[in-house]
1. Where Rh denotes the Kirkwood radius from the mean inverse Cα pair distance, what is Rg over Rh for segment 18-61?
2. Using 0.36 nm per residue of separation minus the Cα-Cα distance, give me the extension gain between R31 and T10 in nm, one decimal.
Amino acid sequence: MIPADASIRTEFDNITSAMTSILSAVGAAMREVRQDKTRATLAEQATGWVKPLVTLAGGIINGGAEADVDYIMNH
């Protein structure tokens with residue numbers, strides 16, 4: 001296995017850290033609210049925030065093949 005370029009690794013770490021922060025914050029907020037509608041809204045928002053980050057991370061993992069990741073994510 002070839003080690004990742006330091007700048008690529010940093011970018012990947014930043015993306016995954018952002019995903020973790022979003023999901024942790026949304027999870028905490030979902031535990032605080034009582035209404036299912038509010039939880040559903042939070043889940044929808046989290047999806048909108050995290051999905052593009054998943055695509056970016058996939059592009060890094062696959063050597064920048066974001067188009068392939070977009071296709072897979074949408075089918």
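1. Using Cα coordinates only, the ratio equals 1.07.
2. On the way: separation 21, 0.36 × 21 = 7.56 nm, distance 3.13 nm.
Result for the pair: 4.4 nm of gain on full extension.
Taken together, the values in this text are just the output of simple stated rules run on the coordinates, not laboratory data. All values reported here derive from a predicted model rather than from experimental measurement.
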